[in-house]
Amino acid sequence: MTQITRAQALTLRMASLLLHDRHDGTDRPDDVAGVVTWFGAMQAQDLAGGLWSFGVRLPGRTVDDVTAALERREALRTWPMRGTIHFVPSRDAHWMLDLMGPRALAGAAKRREHLGLSKEIADQAVEVLGTALAGGGRLTRSQCIDVLADKGIEAPGQFGYHLLWYASQRGVLCIAPNIGNEQSFVLLDEWVPDPHRPDRDEALATMAVRFFRGRGPATRQDFAGWTGLTMTDARRGIAVAGDRLAAVTVDGVEMYLDPALLDAAPPLLDGREVIVLPGFDEYLLGYKDRSLMLADEHKSAIIPGSNGMFQATVVRDGRVVGTWKRSVTKTKVRIAVHPLVPLNRADRTKIKKAFEGYGRFVGLTPEVQLP
């Protein structure tokens with residue numbers, strides 16, 4: 001088994017996660033469908049951040065370009081694993097829900113008990129929403145709640161969220177692009193009339209290949225944790241993937257990655273030694289141990305309170321060196337950067353340049369504040 005250093009592992013992760021040119025003949029994904037398929041799924045609980053995750057990897061595209069691709073159904077949002085919203089390739093949504101959704105659904109009873117909601121009412125809500133959306137319907141979240149209320153199902157606050165989650169987790173609904181500033185919902189079977197339907201082994205192998213291709217080197221435990229699969233299923237997926245994955249050791253820990261990376265020259269940074277990422281970007285998600293990219297003393301700044309909320313980050317040469325927050329006016333996006341390490345003049349120039357790309361993405365002039 002090949003042994004690689006931590007520095008080599010970080011370089012390879014950057015190539016996987018940031019889609020740098022790899023000199024190995026592999027086509028770099030150049031559209032929304034290609035990027036989301038590369039990763040398998042991309043966290044999308046925060047829509048604005050999820051859109052910028054595409055923008056980072058598709059230089060020159062705008063938020064309108066990405067939204068238009070979602071309207072073309074290159075990807076959709078649903079709850080495929082861990083009860084959390086992700087972008088997924090549209091034709092793969094059905095089998096991903098079938099493969100990784102049952103464990104989340106198994107926990108739904110406890111959540112309903114907490115809410116004081118019966119399974120009978122939840123199932124009735126699914127039927128009501130399915131009927132209302134049949135025939136190409138598309139409703140905002142508030143319209144869905146109104147439809148339920150008209151049928152005697154009151155669903156304020158977390159009740160409504162749970163019912164929409166439950167209907168989507170069962171593969172009845174999915175989240176279409178926003179209407180205005182509001183989520184919209186459609187029938188999954190109508191939004192994706194030609195779904196891919198692999199058998200279970202192929203599905204496990206596909207998830208393994210995509211996870212490690214987009215995040216490797218990473219461990220079996222990382223794969224199981226990200227997908228919500230059991231360790232038995234995680235091992236099976238890796239085994240069925242066969243030579244589509246390669247094993248390496250980093251500090252004695254076994255990890256897997258796309259074998260093409262081991263034969264490639266070091267990745268080019270495309271002039272982007274500094275990148276600015278949204279919170280919940282895949283660059284930091286999916287790992288039990290994030291020490292390759294993030295110093296231990298900075299964890300609390302990125303994940304305050306260890307409550308699963310990830311801050312937007314500034315990354316230099318693969319390592320997190322700061323966080324950032326934005327506020328938007330009609331013509332500007334004001335960005336406050338909070339460094340976690342000392343920054344020299346060259347760093348500051350590169351950070352400001354990186355935010356120029358973000359400004360072009362959102363169509364606003366960036367105004368960067370650096371202490």
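The values are calculated or read from the model by the stated rules, or taken from the named source; none is laboratory data. It should be emphasised that the depicted structure is a prediction, and the values quoted were computed from it without experimental measurement. Please note: Cβ atoms are built from the backbone with ideal geometry, for glycine as well, and neighbour counts cover all protein chains shown. Keep in mind that these areas ignore ligands, DNA and RNA; they rest on the heavy atoms of the full protein, side chains included. Shrake-Rupley method; radii C 1.70, N 1.55, O 1.52, S 1.80 Å.
Would you grab the residues whose amide H sits under 5 Å from the one on LEU173? Only those 5+ places off in sequence or on another chain, please, with H modelled 1.01 Å from N.
SER168, LEU188
Which value, in debye to the nearest 20, describes the size of the charge dipole of region 201-265 about its Cα centre when Lys and Arg Cβ atoms bear +1, Asp and Glu Cβ atoms bear -1, and nothing else is charged?
The calculation lands at about 140 debye.
Students often check this: by mean Cβ neighbours within 10 Å, which of 84-94, 171-181 ranks highest, and how do the rest follow?
Descending packing order for the listed peptides: 84-94, 171-181.
Could you work out the relative contact order of region 110-240, using alpha carbon pairs under 8 angstrom and six or more residues apart, expressed as a whole percent?
20 percent
For MET309 and ASP98, calculate 0.36 nm times their separation in residues minus their Cα-Cα distance, and state this gained length in nm to one decimal.
73.3 nm
Are there GluC sites (Glu not before Pro) in region 83-158 that DSSP marks as loop and that have at most 11 other Cβ atoms within 10 Å, and which are they?
Those satisfying the criteria are GLU154.
Counting residues in the chain as N, plug N into 2.2 N^0.38 Å and put the Cα Rg over that result.
Taking N as the residue count of the chain, the ratio is 1.01.
Could you give the distance between the Cα centres of region 41-109 and region 302-317, to the whole Å?
20 Å
Would you please classify the overall shape of region 102-253 from the alpha carbon gyration tensor, given that a ≥ b ≥ c denote the square roots of the eigenvalues, rounded means a/c under 1.5, and beyond that prolate means a/b larger than b/c while oblate covers the rest?
prolate
Where does the charge balance sit around THR5 when Lys and Arg score +1, Asp and Glu -1, over other residues with C-beta under 14 Å from its C-beta?
+1
So, with +1 on the Cβ of K and R and -1 on the Cβ of D and E, and no other charges, what is the size of the charge dipole of region 101-153 about its Cα centre, to the nearest 20 debye?
Approximately 280 debye in magnitude.
Based on DSSP H runs of at least 4 residues, each adding -39500 (n - 2.57), what is the mean residue ellipticity at 222 nm of the chain after dividing by all its residues, to the nearest 500 deg cm²/dmol?
One gets -13500 deg cm²/dmol as the mean residue ellipticity at 222 nm.
Taking a ≥ b ≥ c as the square roots of the eigenvalues of the Cα gyration tensor of region 69-176, is the shape rounded (a/c under 1.5), prolate (a/b larger than b/c) or oblate?
In terms of gyration-tensor shape, oblate.
Please calculate how many Å² of accessible area region 58-143 carries per residue, with a 1.4 Å probe and no DNA, RNA or ligand atoms counted.
46 Å²
Any idea of the accessible area per residue across region 214-371, 1.4 Å probe, to the nearest Å²?
47 Å²
In whole Å, how far is the Cα centre of region 122-136 from that of region 183-209?
Region 122-136 and region 183-209 have Cα centres separated by 20 Å.
How far, in degrees from 0 to 90, does helix 119-133 lean away from the longest principal axis of the Cα atoms of the chain, to the nearest 10?
90 degrees
Taking a 20 Å limit on the Cα-Cα distance, which of the listed pairs LYS325/LYS353; LYS288/LYS353; LYS299/LYS325; LYS332/LYS352; LYS110/LYS151 fall beyond it?
LYS288/LYS353; LYS110/LYS151
How far, in degrees from 0 to 90, does helix 6-18 lean away from the longest principal axis of the Cα atoms of the chain, to the nearest 10?
The answer is roughly 50 degrees.
Can you give me the relative contact order of the chain as a percent, contacts being Cα pairs under 8 Å and 6 or more apart?
Normalised by residue count, the contact order of the chain is 20 percent.
At a threshold of 8 angstrom on Cα-Cα distance, excluding pairs fewer than six apart, so keeping six or more, what relative contact order does region 1-108 reach in percent?
22 percent
So if each residue of separation counts as 0.36 nm, and I subtract the Cα-Cα distance between GLU273 and ARG6, what length gain in nm does that give?
94.3 nm
When the Karplus curve 6.51 cos²θ - 1.76 cosθ + 1.60 is applied with θ = phi - 60°, which whole-Hz ³J(HN,Hα) does each residue of region 240-246 get, with x for Gly and Pro?
My calculation for region 240-246 gives 5, 4, x, 7, 6, 10, 10 Hz in order.
Angle, helix 93-106 long axis vs. longest principal axis of the chain, Cα atoms, 0 to 90°, nearest 10?
Roughly 80 degrees between the two axes.
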